[in-house]
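Structure, as structure tokens:
Just so you know, all these numbers are worked out from the coordinates, no wet-lab data involved. Please read all numbers here as calculations on a predicted model, not as lab measurements. Virtual Cβ from ideal backbone geometry, glycine too; neighbours counted across all protein chains shown.
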Amino acid sequence: MGYISLKGIRKCFDDGREQERKVLDGLDFDIEQGDFVAVTGVSGTGKTTLLNILGTLLKPDEGTYIIGGTTVDYSDEAKLQQLRNREIGFMFQDYWLLPQLTAWQNILLPVLAQQKVISSSYTEWAQKLVELMDIHLVKDQKPHTLSGGEKSRTAMCRALIMRPSLLLADEPTGQLDNQHAQELGNLLQKVNQQLGTTIVMVTHSEKLALMANSIYKLENGRLNILNNQI
């Protein structure tokens, strides 16, 4: 069993016609710590649903989710919140940067959700992240003044500020041109290799998927491995 283990995961949704639509159907998925995994598949196959289950934002109808040796208990919201804060970072396609805050303030926002005063250890870590992402020159600017690439890198810093062991990225290059998409892919590799962060990334981009260590295709409610690069 890996760092992450999904066993027999099933998830259905109401199709609006009093019928259930199976999105995930007995899905099994094991990920080793420090891996970089890409999940591909056509629209509507359940890729975002899978990410939301991995992020404990969505409860499966059936099945077991184990992360770091602990079985996720969906009945205890306080424990779920603690797990998200401690273990999981989220990077969304739309970035969700607060427009009234600077890039630096957006990065530190998850810390303020946990404590009233930001300790020096977090500010030092944030500074390392903005240097790693090469946005230290624009960290005091607000989102509307940033390029798409700068917004994506700010969002990645925010996702990493709590030092999560798992980073979930949902179409992270969906709003970027080819050049910035390539740069973000390189940064994801750097985060994986230099920080040891486990990454699960959903993408439609074949070029971006090839930058991961392993590629899976989600179809018919299950994952099929396409390659296992070394």
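In this structure, Leu184 does satisfy being aliphatic (A, V, I, L, M) and either in a helix (DSSP H, G or I) or within 21 Å of Ile66 (Cα to Cα) (or both). Counting only helices (runs of 4 or more DSSP H) that sit wholly inside the range 3-113, those with at least 1 residues that are touching a residue at least 60 places away in the same chain (Cβ under 8 Å) and of a type in the set (Ser, Thr, Tyr) are 47-54.
Of the residues making up the range 110-148, those that are closer than 21 Å to Leu184 by Cα, aliphatic (A, V, I, L, M) and under 23 Å from the mean Cα position of the chain (by Cα) are Ala126, Leu129, Val130, Leu132, Met133, Ile135, Leu146.
Among all positions in the range 173-188, there is at least one residue which is closer than 23 Å to Glu87 by Cα and in contact with a strand residue (DSSP E or B) (Cβ under 8 Å, 6 or more places away or on another chain).
Just to be sure before I move on: is Lys151 crowded, with 19+ Cβ neighbours inside 10 Å, assigned to a helix (DSSP H, G or I) and not aliphatic (A, V, I, L, M) in the structure I sent? Taking the combined requirement at face value, the residue satisfies it. The single condition from (1) surrounded by fewer than 19 Cβ atoms within 10 Å (Cβ to Cβ); (2) under 16 Å from the mean Cα position of the chain (by Cα); (3) hydrophobic (A, V, I, L, M, F, W, C); (4) closer than 23 Å to Leu184 by Cβ that Val42 fails is (2). Under the condition of being part of a helix (DSSP H, G or I), without any contact (Cβ under 8 Å) to a residue 40 or more places away in the chain and closer than 19 Å to Glu183 by Cα, the residues counted in the range 126-146 number 4. Go through the residues of the range 206-226 one by one and say whether even a single one is out of contact with any helix residue (DSSP H, G or I) (no Cβ under 9 Å at 6 or more places or on another chain), without any contact (Cβ under 8 Å) to a residue 12 or more places away in the chain and over 26 Å from Glu131 (Cα atoms). Looking through the range 206-226, at least one residue is out of contact with any helix residue (DSSP H, G or I) (no Cβ under 9 Å at 6 or more places or on another chain), without any contact (Cβ under 8 Å) to a residue 12 or more places away in the chain and over 26 Å from Glu131 (Cα atoms). Across the range 114-125, the number of residues qualifying as touching a residue at least 24 places away in the same chain (Cβ under 8 Å) and loosely packed, with under 14 Cβ neighbours inside 10 Å comes to 1.
Provide a single number: the residues in the range 132-145 that are of a type outside the set (Ser, Thr, Tyr) and farther than 18 Å from Leu109 by Cα. Looking only at that region, the number is 3.
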